[in-house]
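**Q** Supplied in structure tokens, the structure appears directly below.
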Amino acid sequence: MNRNWDKCFDMVIVHEGGFVDNKLDPGGATNWGCTQAVWEQYVGHQVSVDTIKNLTKEEDRKSTRLNSSH
């Protein structure tokens with residue numbers, strides 16, 4: 001599975017990319033399918049909406065890979 005992880009991520013992220021800040025989303029702002037709440041858990045502290053807005057696909061790849069290994 002590890003061998004195909006990046007390929008799978010690239011296939012899924014095509015449908016997840018883009019910044020959204022829906023006030024009704026309990027996870028907060030979202031970019032690349034990563035919510036503000038998930039990113040804060042990954043980095044260990046609160047972050048601003050601008051941080052999520054500027055999140056790169058590669059940063060999300062790292063956090064998603066770590067979270068998917070649990």
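The values are calculated or read from the model by the stated rules, or taken from the named source; none is laboratory data. Remember, predicted model here, so these are calculated numbers, not experimental data. So basically every Cβ, Gly included, is an ideal-geometry build from the backbone, and we count neighbours across all protein chains shown. Remember, those area values only see protein heavy atoms, side chains included, never the ligands or the DNA or RNA. Shrake-Rupley method; radii C 1.70, N 1.55, O 1.52, S 1.80 Å.
**Q** Going residue by residue through region 37-57, is there one that turns out to be under 27 Å from residue 4 (Cβ atoms), of a type in the set (S, T, N, Q), assigned to a helix (DSSP H, G or I) and touching a strand residue (DSSP E or B) at 6+ places or on another chain (Cβ under 8 Å)?
**A** No: zero hits.
**Q** Checking the conditions here, which among 35, 64 is touching a Pro at 6+ places or on another chain (Cβ under 9 Å), of a type in the set (Val, Ile, Thr) and open to solvent by less than 80 Å² (accessible area, probe 1.4 Å)?
**A** Details: 64 fails: touching a Pro at 6+ places or on another chain (Cβ under 9 Å).
Within the list 35, 64, the selection yields 35.
**Q** On to the next question. Could you please find all residues in region 1-52 being over 21 Å from residue 68 (Cβ atoms) and of a type in the set (Val, Ile, Thr)?
**A** Listed by number, the residues that qualify are 20, 49, 51.
**Q** Just give me the residues in region 49-61 being open to solvent by 60 Å² or more (accessible area, probe 1.4 Å) and modelled with pLDDT of 95 or more, in sequence order.
**A** Passing the criteria: 50, 53, 54.
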